[in-house]
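Heads up, the thing below is written out as structure tokens.
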Amino acid sequence: MEQEREKVLHFCCPNCGGTVKWNISKQQLECTSCRTLFFPNAGYAPVREHDYASYPEQEQQQVSFPEQTEITCASCGAQIVFGAQDTAAVCPMCGSSQVMEDRQNAGVPPDGLIPFRIDETAARQSFQRWVSSLSFAPGRLKRERQQGKMVGVYLPFWTFDTRAEACYSGRGGEDYRDSDDNTQTRWTDVQGSLTMRYDDLPVCAATGPVRDLIAGILPYSTQEGSVPYDSAYLSGFLAQRYAVGADTALGWAKEGIRKSLVSVAEQQIKDRGYDRAEVKSLGVELYDVGYKHLLLPAWVSTFAYRGKSYLYLVNGETGKVAGGRPYSIPKLVAAILAGLAVLTLVILVLTAG
């Protein structure tokens, strides 16, 4: 384990020396001791976007960090361990904030962030509502689960703006009734082109199990809700730097764009008067690509049920929840049997007719 070599920021009140943290209810920085309020140094101007052509040069500044780095809390002397992607932590002994600003700014620094707008109490309430809404969940889940500690984390994202142009080929189908009164489809080859504009497409730049759930808590209001990056926002929370570069993230975004364009192309074919549509091939080119590096807020926790742990996330801006969950096998079997019974009844009615 590497010992501390990097500069660590501490956010101290100039009036009393207390720790300054982001107050979610007041949407301002506040001293936890004397309650003096502060405004972020970065202000509230629009977050700047970059031409993607400049990305490779910036990424050359990328550096790697040890798997674990141990730092000493300046307030109480406790030892705090940072992982390779961790950039902010809270001392488990005294609660003071620790931010590795140089690490956060390595490679491509954050352009902006969305401050936490949902506090821990509201996040737990969102989780309770989510559990209550789960279909096919065990009846004992609400009573017997054990909820873990909830932590606020700023997760790294890339967002992309682009103009996508696509050419496609496929076929459109016209339904008709044959001599036996069965539905048949007459297919015709079709071609077409599309141009679509995409703004602030988000791609999570973290790795691990959190990334597997992140799509479930989107969207964030990155266009109107983000503010210029200021390390003071991280005080009181955890934060991570990006583990996925913008080049890889853009490839993932392009695949998502392609899937959305297939749906648009299918609708375009139907708009020509066809009943059915199939897209067999579609090529996409991206133009005028811009990008931003943002940190977005999430509450992360786990709950245990009958010896198994389930990870879940709560969107720190909207309260939307996503996570792993248990299923009731008897409820699933009952639903399947009910569906089969309905299907059998429909077949009998149609056969009798």
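The values are calculated or read from the model by the stated rules, or taken from the named source; none is laboratory data. None of the values given here were measured: they were computed from a predicted structure. Neighbour counts are summed over all protein chains in view; Cβ atoms, including those assigned to glycine, are modelled from backbone coordinates with ideal geometry. For the accessible areas, the whole protein counts, side chains as well, though only heavy atoms, and no ligand, DNA or RNA atoms are used. Shrake-Rupley method; radii C 1.70, N 1.55, O 1.52, S 1.80 Å.
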³J(HN,Hα), Karplus 6.51/-1.76/1.60, whole Hz, each residue of the range 215-225, x for Gly, Pro: 4, x, 10, 6, x, 10, 8, 5, 6, 9, x
Whole-Hz couplings from phi, Karplus 6.51/-1.76/1.60, listed for the range 23-28; x for Gly and Pro: 8, 5, 5, 8, 6, 8
Solvent-accessible area per residue, Å², over the chain with all protein chains present [probe radius 1.4 Å]: 51 Å²
Cys94 paired with Thr185, simple spin-label distance in nm, labels 7 Å along Cα-to-beta-carbon: 6.9 nm
Cα-based helix-to-principal-axis angle, 329-352 vs the chain, degrees rounded to 10: 20 degrees
Selected from Asn182, Asn15, Asn41 as most flexible by GNM, with the chain as the system and alpha-carbon contacts under 10 Å: Asn182
Net charge of Cβ neighbours under 13 Å - reference Pro297; Lys, Arg +1; Asp, Glu -1: -1
3J(HN,Hα) from dihedral phi, the range 292-298, Karplus parametrisation 6.51/-1.76/1.60, rounded to Hz, x for glycine, proline: 9, 10, 10, 10, 10, x, 8
Local electrostatic count at Pro219 - Lys and Arg +1, Asp and Glu -1, tallied over other residues with Cβ under 12 Å: -3
Fluctuation leader among Thr159, Thr207, Thr121 - the chain, Gaussian network, Cα springs under 10 angstrom: Thr121
Relative compactness, the range 164-318, computed as alpha-carbon Rg over 2.2 N^0.38 Å: 1.47
Kirkwood hydrodynamic radius over Cα pairs of the chain, then Stokes diffusion coefficient at 4 °C and 1.567 mPa s, in µm²/s: 54 µm²/s
Percent accessible area from carbon and sulfur atoms, the chain, protein chains only, probe 1.4 Å: 51 percent
Sparse-neighbour loop sites [GluC sites (Glu not before Pro); the range 18-126; at most 16 other C-beta within 10 Å; DSSP]: Glu49, Glu67
Loop-located chymotrypsin sites (Phe, Trp or Tyr not before Pro) in the range 252-333, at most 10 other Cβ atoms within 10 Å (DSSP): none
Total formal charge among the other residues, if their Cβ is under 12 angstrom from that of Gly319, Lys/Arg +1 and Asp/Glu -1: +1
Cα gyration tensor, the range 12-110 - rounded (a/c under 1.5), prolate or oblate: oblate
Helix-derived mean residue ellipticity, 222 nm - over the chain, DSSP H n ≥ 4, -39500 (n - 2.57), to 500: -7000 deg cm²/dmol
